[in-house]
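Single-structure report; data block below.
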Amino acid sequence: MSAHLLSAGGVSGETRHGALRDMFVLGVETSCDDTAAAVVRRRADGGCDILANRVWAQHEDHAAYGGVVPEIAARSHVERLDRTVIDTIADSGVAFGDLDAVAATAGPGLVGGVMVGLTTAKAIALAHSKRLVPVNHLEGHALSARMTEAAPFPYLLLLISGGHTQLISVDGVGAYRRLGSTIDDAAGESFDKTAKLLGLGQPGGPRVEAAAVGGRRDRFAFPKPLDKREGCDFSFSGLKTAVRDAAAGLGAPTGQDIADLAASFQFAAARHLAMRTEKAMTMVEDARAQDKQEEAAPRRLVVAGGVAANCAVKSMLDELCRRRGWAMVVPPPKYCTDNGAMIAWAGAERLAAGLAPPHDAAMALAPRARWPLAPPPAGREIGGGRKGPKA
């Protein structure tokens with residue numbers, strides 16, 4: 001680890017500010033294949049200033065393999081994280097000594113990468129006598145809209161990323177209730193696998209979206225997963241299979257065939273997300289009506305995670321919200337994908353709410369490959385095994 005990360009400097013935030021004061025938090029994110037760090041200021045009024053945000057993508061490191069290789073990702077984090085943190089601190093104008101806390105993703109994710117980031121954050125916190133705030137990666141996404149947009153609690157969260165697809169009722173920091181989840185592939189995973197199948201390369205989401213621009217979304221009639229099933233769970237494996245079968249039926253697909261397949265898949269995936277989200281909206285409305293909260297609680301949908309950057313998905317969800325009388329909130333694209341700012345912000349939100357763990361508990365926390373943000377509805381646990389349910 002670089003000596004620059006461990007050397008002292010700066011003025012303590014504890015002595016510079018009063019009780020109601022700004023808080024400065026360094027965030028470290030290494031849960032998958034992006035090495036990221038950021039410094040945010042949570043103002044005394046609850047607002048957020050993102051002072052620095054750096055993301056070092058690893059796409060080239062994994063391109064030859066058609067997907068993320070955990071061992072390569074972890075090694076890349078080891079090689080790049082110190083420099084990323086040092087440059088982020090320099091960008092922010094805030095010295096290590098000025099920080100109130102160091103927040104780091106502690107899971108879920110590729111455990112080798114999580115270990116690198118969490119260990120680095122522990123070392124920085126110890127060296128500079130700062131609070132350590134271990135953050136659930138999913139909570140980073142869940143609260144990310146609040147960095148840049150007006151998103152007061154409560155709201156319905158649609159979390160759609162490479163590893164996670166969930167509908168969660170967010171009532172406050174640390175107050176989450178899961179309404180639905182994927183029973184197989186995540187939305188982003190299905191985009192990545194479709195891109196690989198069509199020979200589009202990685203990262204899959206942007207490549208599929210780019211290919212779909214010149215395609216016909218109505219050429220291939222892909223299925224509507226779980227169309228007859230109650231609740232608001234998701235399923236994407238059938239769509240992936242349908243794309244594979246359609247491509248195989250073409251023999252040697254032309255460029256236009258590839259564009260049509262991409263557009264048809266993207267439309268079917270966006271439609272599925274919108275249909276299941278509408279069921280969750282109904283669940284939320286019914287629950288609020290029973291509690292006589294219809295007037296008090298606004299109807300607000302927050303969409304977060306890497307797939308939230310997809311224009312076709314956003315367009316279909318926006319159409320749904322307009323029809324249902326809901327407001328839709330989506331972070332800027334650079335804060336939809338994995339980034340350090342959302343981890344720093346989640347850490348700041350936990351600190352402000354008094355939910356950060358004590359020093360000894362934080363330092364003892366081990367990295368977690370699986371860490372559900374909210375328990376599944378009773379009787380609907382998905383993906384069990386000797387390590388427990390998937391996130």
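Here are a few things to note about the model shown:
- Inspection of region 132-149 finds no residue satisfying the criterion of being over 22 Å from residue 356 (Cα atoms), buried (at least 24 other Cβ atoms within 10 Å of the Cβ) and not acidic (Asp, Glu).
- For region 343-355, the count of residues that are surrounded by fewer than 16 Cβ atoms within 10 Å (Cβ to Cβ), in the same structural domain as residue 50 (by TED's automatic domain parsing) and in contact with a Gly (Cβ under 6 Å, 6 or more places away or on another chain) is at least one.
- Test: residue 245 is in contact with a strand residue (DSSP E or B) (Cβ under 8 Å, 6 or more places away or on another chain) and either of a type outside the set (Asp, Glu) or modelled with pLDDT of 95 or more (or both): no
- In summary, helices (runs of 4 or more DSSP H) completely within region 283-368 and bearing 3 or more residues that are at pLDDT 95 or above and of a type outside the set (Lys, Arg) occur at 311-324, 340-353, 359-364.
- Residues (more than 24 Å from residue 178 (Cβ to Cβ) and in contact (Cβ under 8 Å) with a residue 24 or more places away in the chain) located in region 222-241: 222, 223
- Among the numbered conditions (1) buried (at least 24 other Cβ atoms within 10 Å of the Cβ); (2) on the phi > 0 side of the Ramachandran plot, the only one that residue 93 does not meet is (1).
- Restricting attention to region 14-42, the residues that are loosely packed, with under 14 Cβ neighbours inside 10 Å and at pLDDT 95 or above add up to 0.
- Residues of region 226-236 that are at negative phi and out of contact with any Asp or Glu (no Cβ under 9 Å at 6 or more places or on another chain): 227, 228, 229, 230, 233.
The values are calculated or read from the model by the stated rules, or taken from the named source; none is laboratory data. Keep in mind that what you see is a predicted model, and the values were worked out from it rather than measured. Cβ atoms come from the backbone with ideal geometry, glycine included; neighbour counts cover every protein chain shown.
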